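Peer 1: My structure is below; once you've seen it, I'll send some questions.
The values are calculated or read from the model by the stated rules, or taken from the named source; none is laboratory data. Worth saying up front: this structure is predicted, and the values here are computed from it rather than measured. Every residue, glycine among them, receives a Cβ derived from its backbone with ideal geometry; neighbour counts consider all protein chains shown. Accessible surface areas use protein heavy atoms only, side chains included; no ligands, DNA or RNA. Shrake-Rupley method; radii C 1.70, N 1.55, O 1.52, S 1.80 Å.
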Amino acid sequence: MHSKPGSIRERGIALITAMLVMALASIAAAAVLVSANNGIRRAATLIDGERAWWYAQGLESWVRRILARDAERDGAVDYEGEDWAKPVDYLPVEQGMLRGRLEDLQGRFNLNNLVSAQAPKYQQQLQRLFQNIPKLDAAQAQPLAQAIKDWIDADQLPSGAGGAEDPDYLSLPQPYRAANQPMVSPSELLAIKGMTPALYQALAPFVCTLPLGANLAPTKINVNTAKLEVLLSLSATVDRSKVDAFIKERKEAPAKSVSEMQTRNGGVLPADVTRDLIDVKSQYFLMKTEAFIGSGRAALYSVFQRAASGAPQVIARSLDTE
């Protein structure tokens, strides 16, 4: 017997339909598996990121102990040859590694000193710092120093031709006001009149934003940790060759007192660099750390204050930026 043509076509259509259904089911199953795998990977990454964050925070506790132990051993002097100044490039932990280092923030210029009890002196120092940084234009030193001071001080009076207060910022396409209070982060510089990302990148390694003391007392520069450009900014008459020589030897032979800076090697710093400007010990330190756990990464920047008494405390913290 021969099958009817119609029944053959129907069976062919049914077979094709079944194959299409199977193909669609396979595609759907593959999509579900891919989505599930992506979800698993995302969850794993989140878990690794969370673990990395906890490891990074754990380093804060370690740093507290390091700073406390350093104060107990030799609290009179802080210098680059001590244990706290040694970077950790690779510290293995379960499923990953940590790296980090401590930096003495009193080796930088504190921008908040511009509204201290001796503001004019620090404004001149900031201008000299601009002039000492090769990537900065010396012509920009005075107007930028004035604009930075105006950003921090409480009044609405421009400090000079380069100064800027609320009217200057409110006239911008995206208006805002001057902070008129001490800075909490150097990144605030990016909001200041005349500042550009390139200028900020050049200046950022040399400045910090530390709280002032009682009665607006400024923070001092630690001569044992300060960068060359910062030491040169302390006076218009600093002898660069003497400062260079001191920097080369201070890791092994730090200054033990402020007065030593006027007597050592014929006077590393001139007489006008007085005790209110410099010190040989520090209170503020910056921890920069990264944790890599599995596919997760966490970067943590923590500012520690080590007062004369009590355990060191974290007073500021940020992620992926100073």
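Peer 1: Heavy-atom accessible area of D137 with all protein chains present, probe 1.4 Å, nearest 10 Å²?
Peer 2: That residue has around 80 Å² of solvent-accessible surface.
Peer 1: Determine the calculated [θ] at 222 nm for the chain from helices alone, applying -39500 (n - 2.57) to every DSSP H run no shorter than 4 residues and normalising by the residue count; nearest 500 deg cm²/dmol. Each step should come with its number before you reach the end.
Peer 2: Working: 8 runs with 127 residues, N = 322.
-13000 deg cm²/dmol, from helical runs alone.
Peer 1: For the range 105-134 and the range 290-322, compute the distance between their C-alpha centroids and round to whole Å.
Peer 2: Cα centroid to Cα centroid, the span is 25 Å.
Peer 1: So if I place +1 on the C-beta of Lys and Arg and -1 on the C-beta of Asp and Glu, and nothing else carries charge, what would the dipole magnitude of the chain be about its Cα centre? I want it in debye, nearest 20.
Peer 2: Using only the charged Cβ atoms, the result is roughly 1040 debye.
Peer 1: Could you tell me how many degrees, from 0 to 90 and to the nearest 10, lie between the Cα long axis of helix 119-132 and the main elongation axis, the longest principal axis, of the Cα atoms of the chain?
Peer 2: With both axes taken from Cα atoms, the answer is about 60 degrees.
Peer 1: Another question, if that's okay. Looking at the chain, send over the antiparallel percent of its DSSP beta bridges, to the nearest 5.
Peer 2: 90
Peer 1: Under 8 Å for C-alpha pairs, at least 6 residues apart: give me the relative contact order for the range 265-322, rounded to a whole percent.
Peer 2: Details: 70 pairs, mean separation 14.6, N = 58.
The value is 25 percent.
Peer 1: Can you tell me, using C-alpha contacts under 8 Å and at least 6 residues apart, the relative contact order of the chain as a whole percent? It would help to have the intermediate numbers written out before the result.
Peer 2: Numbers: 514 pairs, mean separation 77.9, N = 322.
The value is 24 percent.
Peer 1: Separate question: Hey, if you put +1 on the Cβ of every Lys and Arg and -1 on every Asp and Glu Cβ in the chain, which of T196, V115, L144 ends up farthest toward the positive end of that dipole?
Peer 2: Looking along the dipole axis, the top candidate is T196.
Peer 1: Shifting gears a bit: Could you point to the label whose value was computed as Cα extents along the principal axes in Å for the structure here, given [x] 122, 53, 36; [y] 60, 40, 38; [z] 187, 51, 32?
Peer 2: After the calculation, the listed value that fits is [x].
Peer 1: Tally Lys/Arg at +1 and Asp/Glu at -1 over every other residue whose Cβ is under 11 Å from the Cβ of D155; what's the total?
Peer 2: Values: positive: K149; negative: D150, D153, E165, D166.
Spelling it out: positives minus negatives among the neighbours equals -3.
Peer 1: Tell me, what is the FRET efficiency for E260 and A198 to the nearest 0.05, using R0 = 30 angstrom and their Cβ-Cβ distance as r? Provide the component values of the computation, followed by the final result.
Peer 2: Details: r = 38 Å, r/R0 = 1.28.
Step by step, r from the Cβ atoms, then E = 0.20.
Peer 1: Excluding ligands and nucleic acids, what accessible area in Å² is computed for T237 using a 1.4 Å probe, to the nearest 10?
Peer 2: 90
Peer 1: Over 20 Å between C-alpha atoms is what I'm after, so list which of K121/K220; K149/K281; K227/K281; K121/K251 land there.
Peer 2: Values: K121/K220 13 Å; K149/K281 27 Å; K227/K281 15 Å; K121/K251 29 Å.
Flagged as over cut-off: K149/K281; K121/K251.
Peer 1: Relative contact order (percent) for the range 139-225, with alpha-carbon contacts under 8 angstrom and 6 or more residues of separation? Write down the numbers at each step before the final one.
Peer 2: On the way: 99 pairs, mean separation 20.1, N = 87.
Relative contact order of the range 139-225: 23 percent.
Peer 1: What FRET efficiency, computed as 1/(1 + (r/R0)^6) with R0 = 45 Å and r the Cβ-Cβ distance, is obtained for L190 and R275, rounded to the nearest 0.05?
Peer 2: 0.85
Peer 1: Separate question: Provide the three semi-axes, in whole Å and in decreasing order, of the ellipsoid equivalent to the range 203-243 as defined by the square roots of 5 times the Cα gyration tensor eigenvalues.
Peer 2: One finds semi-axes of 22, 13, 9 Å for the range 203-243.
Peer 1: About the Cα centre of the range 90-140, what is the dipole size in debye to 20, counting +1 per Lys and Arg Cβ and -1 per Asp and Glu Cβ, all else neutral? Intermediate values should be presented prior to the final figure.
Peer 2: Values: 6 positive and 4 negative charges, 36 e Å.
Approximately 180 debye in magnitude.
Peer 1: Then there is this: Show the residues, 5+ positions off or on another chain, whose built amide H is closer than 5 Å to the amide H of V207.
Peer 2: F109
Peer 1: Given V230, Y169, S61, which one lies farthest toward the positive end of the charge dipole of the chain, if we put +1 on the Cβ of every Lys and Arg and -1 on the Cβ of every Asp and Glu?
Peer 2: Value: S61.
Peer 1: Sticking with this structure for a sec: Could you report the range 102-149's accessible area per residue, 1.4 Å probe, as an integer in Å²? Before the final figure, lay out the partial values.
Peer 2: On the way: 1640 Å² over 48 residues.
Per-residue accessible area for the range 102-149 comes out at 34 Å².
Peer 1: Using amide H atoms built 1.01 Å from N in the peptide plane, name the residues 5+ places from Y284, or on other chains, whose amide H lies under 5 Å from its own.
Peer 2: Answer set, sorted by chain and number: L105, Q106, R306.
Peer 1: If I ignore ligands, DNA and RNA and count only protein heavy atoms, how much of M19 is accessible to a 1.4 Å probe, in Å² to the nearest 10?
Peer 2: Its accessible surface works out to 120 Å², give or take rounding.
Peer 1: Output wanted: per-residue J couplings in Hz (rounded whole) for the range 294-308, from phi through Karplus 6.51 cos²θ - 1.76 cosθ + 1.60, θ = phi - 60°, x for Gly and Pro.
Peer 2: Result, ordered by residue: x, 9, x, 9, 9, 10, 9, 10, 10, 9, 9, 10, 10, 6, 4 Hz.
Peer 1: Still on this structure, I have one more. First select every other residue whose beta carbon is under 15 angstrom from the beta carbon of A311; then total the charges, Lys and Arg +1, Asp and Glu -1. Let's see the in-between values first.
Peer 2: Values: positive: R64, R65, R69, R306; negative: E60, D70, E72.
Combined, the nearby Lys, Arg, Asp and Glu give +1.
Peer 1: If you don't mind, there's one more thing I want to ask. Which residue, Q146, Q181, Q283, has the most motion in a Gaussian network model of the chain that connects Cα atoms within less than 10 Å?
Peer 2: Q181
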